[in-house]
1. Within segment 32-128, which strands (runs of 3 or more DSSP E) (wholly inside it) include 3 or more residues that are crowded, with 18+ Cβ neighbours inside 10 Å?
2. Give just the number: which of (1) without any contact (Cβ under 8 Å) to a residue 40 or more places away in the chain; (2) within 16 Å of VAL94 (Cβ to Cβ) does ASP179 not satisfy?
Amino acid sequence: MSTNARISVGIAVAFAVVVGVLLAVSGREQEEPAAAAGVSERMVRPDSHRLGTAADGKATFVEFLDFECEACRAAFPAVEQLRKDYAGRVTFVVRYFPLPGHFNAERAARAVEAASKQGKFEQMYQKMYATQAEWGEQQVPADDRFRGFAKELGLDMAAWEKAYNDPATLERIKKDAADGQALGVSGTPTFFLNGAKLEPESIEDLKASIDAALE
């Protein structure tokens with residue numbers, strides 16, 4: 001099997017896991033698209049984290065995520081592939097949505113947000129998914145492990161610690177979660193494209209939606 005074929009199969013499997021986990025965990029009915037009024041403001045804030053920006057602004061892809069969510073980790077490779085495929089043509093935005101049932105999800109978001117203060121948002125974001133199996137689904141604080149990640153990234157630890165424990169950092173995360181709730185987000189990952197909620201079953205579904213937005 002060629003490398004491209006293996007990648008395609010891997011992405012397809014990842015999405016199958018995403019769909020299965022979402023159905024098993026949430027069991028929720030699909031929400032109606034968010035009302036037009038106020039959607040733009042809540043969808044992407046001026047301080048929202050962008051993993052890529054399109055100059056023409058024709059397509060904005062937003063993901064509400066939880067770093068301890070297994071479905072989010074399963075979708076991560078597919079999202080990374082989309083970022084490569086649509087680099088410069090699509091704006092990719094990440095919003096925090098730590099779920100109450102995940103003991104370290106909020107801590108993980110704080111660790112990522114603290115890293116963002118030193119320009120290392122993407123690096124810490126990726127590290128969380130790469131290591132999720134080591135700290136996720138546990139009922140003990142992962143603070144020390146997250147400090148270790150910050151050290152590995154060569155961050156100023158005093159500044160990182162200050163940001164990690166700053167109440168403003170938690171408020172920043174809660175603001176993202178509040179926006180998500182207002183937009184009808186109840187589980188993760190939840191994707192939006194130009195303000196419309198997506199319900200993909202594969203990466204091809206996402207590509208088709210993005211291609212249509214770019215036409």
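FYI, it's all coordinate maths here, none of it is from the lab. Quick caveat, the model's predicted, so the values are computed rather than measured. Here the Cβ positions follow ideal geometry from the backbone for every residue, glycine too, while neighbour counts run over all protein chains shown.
1. 60-65, 91-96
2. The single condition ASP179 does not satisfy is (1).
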